[in-house]
1. Hey, can you tell me all the residues within the range 68-101 that are over 24 Å from G567 (Cβ atoms) and open to solvent by 30 Å² or more (accessible area, probe 1.4 Å)?
2. Can you tell me which residues in the range 106-127 are under 29 Å from the mean Cα position of the chain (by Cα), more than 13 Å from T167 (Cα to Cα) and in a strand (DSSP E or B)?
3. All but one of (1) buried (at least 16 other Cβ atoms within 10 Å of the Cβ); (2) in contact with a helix residue (DSSP H, G or I) (Cβ under 9 Å, 6 or more places away or on another chain) hold for E405, so report the exception by its number.
4. Look at L479 and say whether it is aliphatic (A, V, I, L, M) and either open to solvent by 40 Å² or more (accessible area, probe 1.4 Å) or modelled with pLDDT under 95 (or both).
5. Scan D164, D191, D176 and give me the residue that is open to solvent by 50 Å² or more (accessible area, probe 1.4 Å) and in contact with a Phe, Trp or Tyr (Cβ under 6 Å, 6 or more places away or on another chain).
6. Only one of D346, D337, D383, D375 is among the acidic types (D, E) and in contact with a helix residue (DSSP H, G or I) (Cβ under 6 Å, 6 or more places away or on another chain); which?
7. Quick check: anything in the range 74-87 closer than 23 Å to Q193 by Cα and in a strand (DSSP E or B)?
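The values are calculated or read from the model by the stated rules, or taken from the named source; none is laboratory data. Predicted model, so just to flag it, every value in this text is computed and none were measured. Cβ sites come from the backbone with ideal geometry, for glycine too, and all protein chains shown count toward neighbours. These accessible areas exclude ligands, DNA and RNA; they are computed on the full protein's heavy atoms, side chains included. Shrake-Rupley method; radii C 1.70, N 1.55, O 1.52, S 1.80 Å.
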Amino acid sequence: MNSRKYVAGAAAFAMALSMAGCGGSGSGSSVSSNEILKVGTTQELSGIFNPMYSSTAYDQWVVNMVYQSMLAYTADSEIKPVLAESLPEVSEDGMTLTYKLKADQKFSDGSTLDGDDVKYTFTLMADPEYIGAYNDGTCNFIEGWDEYQNGDAEEVSGITVSDDKLTVTFKCATPDIDAANTIGTIMIMPDDQFEYTKGNLEEYQNLAPENIIGSGPYKLNKYDKSAGASVVLNENYTGDGDYQIKSIVIRTIEDGTEVANLKSGEIDYLPEEIQPTVIGPASMVETLTTDHYFRAAQGYFGFNAAAGATADPAVRQALAYATNRAEFVDAYYQWPDGVASDEIKDVSTGYVPTIFWSPVGAGTGSIVTGEEQLDGLVTYDYDMEKAKQILDDAGWTVGADGIREKDGQKLEVKFLATENNSILNMLLPIIIKSYGELGVDLKQNTVDFNTLVTTTDPSNEDSAEDWNAFFMVLTFTGLSNTSMNAAEGYTEVDGKKVPGGNNYPKIFDEELNGYLDAGKETGDPAVSEENYRKAMVRASELVPFLGIYGNTLFNIYNKRVEGLVTGPVCNWSQALDGASLNLDAQVQASDAGEDEAATTEAASDEATTESSAA
């Protein structure tokens with residue numbers, strides 16, 4: 001993904017963000033700089049902190065701290081109750097789910113959180129005008145959902161709230177393999193923040209950062225696009241947990257300065273880092289430490305299946321064969337010589353996925369990582385001759401200028417690249433060479449990350465002709481395969497096909513969608529897995545996405561940060577319960593380590609001056 005330059009004065013401004021209003025953190029006292037957890041990112045937060053519309057992992061950090069769901073994943077990938085007092089009761093046929101809420105829960109504005117807020121949140125997502133990430137069939141298994149979204153119903157009939165407002169019952173119109181967790185992990189919004197009428201979501205679509213109201217342990221303090229965001233403890237928090245860190249700043253830093261910022265104490269915590277040229281040098285700094293875990297995500301190419309040359313499956317297949325992913329992974333995931341600790345060097349960092357799919361999907365993740373083979377799966381190992389043959393057979397012939405064409409259409413691929421991206425800095429030269437040999441006119445358009453997200457948004461019908469391919473990363477937030485329904489499936493509304501929330505390619509394939517639906521719309525795990533495996537094979541034939549790499553994620557942090565335990569589906573912003581700052585620990589590198597620090601910093605600068613948050 002892209003990286004954003006650190007503007008002049010941003011560090012001072014970010015500190016101002018963290019200090020202002022801290023008296024409301026519960027104790028009534030101000031917060032010293034040493035009591036603030038400073039989190040660094042080379043990404044620019046877009047400020048969309050509404051859980052219904054948030055679409056980037058970086059904005060989602062704020063969402064995770066401010067809002068809560070009835071259930072959530074732990075660092076061990078287990079599901080636990082949060083707003084609910086226990087895991088839901090599920091009827092024998094799996095068609096009725098009952099969630100009992102903890103009593104006396106409150107939002108940050110002091111208002112009561114109860115079952116009405118739960119029903120209200122789901123009603124908003126079922127609204128006919130809703131176009132956010134959940135408008136992809138995620139919850140259409142709930143009875144009355146379609147009638148509310150596409151008909152004249154005045155409520156979602158399958159959601160009922162008890163008289164005491166503490167029990168919410170969901171009835172399913174169709175079975176769903178992950179119904180309990182899908183419902184349970186939706187962030188809950190207050191029902192009295194705005195006057196809501198069906199078909200009018202304007203106030204929610206335009207919800208300003210300063211107006212977000214959640215029930216989480218933190219509340220937003222301030223947000224600035226160039227500097228970042230800060231949160232402070234929510235004085236009205238009534239939930240469980242031991243939240244000791246009084247204030248958190250998410251600070252935008254300049255590419256290539258990650259290690260320097262960690263050493264100086266400008267940031268305490270650099271989450272989800274993948275670059276060996278950052279991780280290696282950091283592992284040599286006395287005051288820093290790391291942890292790591294298998295990443296529930298993939299870096300990928302998305303191909304436009306709705307417009308341009310890439311609408312032809314043969315073109316997508318040929319581009320997949322012509323992308324030397326192994327060359328990239330072998331080159332990118334090398335530890336820099338002499339500037340990585342022996343312990344770090346023992347960690348396996350990157351791999352080439354066999355298919356774009358959740359690497360933690362139940363019953364399918366081992367196929368993605370190559371630990372298990374699936375008959376019929378097309379894995380697209382690099383093969384230029386096969387790529388050329390596919391295009392020849394499809395009628396794409398090489399013209400006098402070396403560019404292929406078919407029926408008067410040039411084989412042009414408009415590639416959206418994000419600026420200052422270390423992944424693309426290494427990957428683009430590889431594909432420029434191979435795609436050129438293939439006879440492709442590759443046109444690179446460099447944009448900022450937020451422009452990339454807007455341009456490729458599945459709900460954006462005005463930009464279909466503006467791109468053919470892009471690079472991004474998709475993080476999978478649970479262990480279910482149903483996330484692939486959002487990525488490669490669609491629903492039909494009034495006869496119109498509506499792509500899933502992550503279906504950037506706008507792939508509308510009836511066979512694939514049928515397998516995805518069959519995998520989702522069952523209560524039998526064996527039936528679900530069988531259909532999702534069929535979907536994998538069909539998706540590999542259509543190749544709307546090409547998985548470029550999977551990897552291990554590293555958190556790099558000052559040793560004063562303690563008790564922050566993360567995992568594949570539980571990142572730092574979801575793991576603050578029990579975390580603390582050791583106020584007596586050193587923040588900056590010791591004098592004795594200055595020579596070593598200078599050496600590692602120089603090596604880092606030599607290896608790369610740019611950072612990718614991919």
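1. Residues satisfying the conditions are E89, V90, S91, E92, D93, M95, T96, K100.
2. Matches in the range 106-127: K106 only.
3. With respect to (1) buried (at least 16 other Cβ atoms within 10 Å of the Cβ); (2) in contact with a helix residue (DSSP H, G or I) (Cβ under 9 Å, 6 or more places away or on another chain), E405 is out only on (2).
4. yes
5. D191
6. D383
7. There is at least one residue in the range 74-87 that is closer than 23 Å to Q193 by Cα and in a strand (DSSP E or B).
Per-residue answers, yes or no, for (1) within 24 Å of Y351 (Cα to Cα); (2) touching a residue at least 24 places away in the same chain (Cβ under 8 Å):
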{"position": "K534", "(1), (2)": "yes, no"}
{"position": "L542", "(1), (2)": "yes, yes"}
{"position": "G550", "(1), (2)": "yes, yes"}
{"position": "K559", "(1), (2)": "no, yes"}
{"position": "G567", "(1), (2)": "yes, yes"}
{"position": "S580", "(1), (2)": "no, yes"}
